[in-house]
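Only the coordinates and a few stated rules stand behind these numbers; no lab work does. What you see is a predicted model; the values in this text were computed from it and never measured. Reconstructed Cβ throughout: ideal geometry from the backbone, glycine too, with neighbour counts over all protein chains shown.
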Amino acid sequence: MDAHVFFAKIYKIGFIRFVDVPAKVSRAFGEDSSSVAVKGQVEGVPLQTTLVPRGNGLYRMAIHGDIRKKLRVDAGAVVEIAIERDEESREPALPLAFVLALRNSPKAQSNFRAMTTALRRQIVRYLMSVKQQSTIERRIPKLVRALERRPPKAPKSKRKPAT
């Protein structure tokens, strides 16, 4: 797939900066998905993110803080964006000690697998954000206990509308 190139103005919702993906580009990614993994560039700076729906089959895209800092831009700036669908796996590489700990706790493993890929990536970042292996080894049992206590996610209700 070829990259879709467009210009967009950055705006702010809460503390997150977004751009609206033009209708033509949004349609190229399809309306069948609630979100679309993409990769590309913002003003030449590499980007890996997810398009999120904004209604009527259109998407918006967050502009991460590290990209804005590199480009020295903020809300109000117009930037050139080139994106394409990202078919690569977004699954984090799990540390071996964490994999072994999850194998010993089916409930923690099930709860971990039920999380979104983004949340699993955050957990791995938390585990690996330390300097010493001993800190990772202390964090893993605490994390497994927290996962065991986590209530299972309830399935979405498919209630029929009242007639």
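Brief remarks follow.
- Largest first, the extents of the alpha carbon coordinates of the chain on the three principal axes equal 57, 49, 33 Å.
- Segments 16-22, 4-10, 84-90 sorted - mean Cβ within 10 Å per residue, highest first: 16-22, 4-10, 84-90
- Over 23 Å (Cα to Cα) - which of K12/K131; K39/K107; K69/K131; K9/K69 fall in this group: K12/K131; K39/K107; K69/K131
- Sorting the segments 92-103, 36-47 by their mean number of nearby beta carbons within 10 angstrom, highest to lowest, gives 36-47, 92-103.
- Local electrostatic count, R139, Cβ distance below 13 Å [Lys/Arg +1, Asp/Glu -1]: +4
- Per residue, the convex hull volume that the Cα atoms of region 4-85 enclose (Å³): 80 Å³
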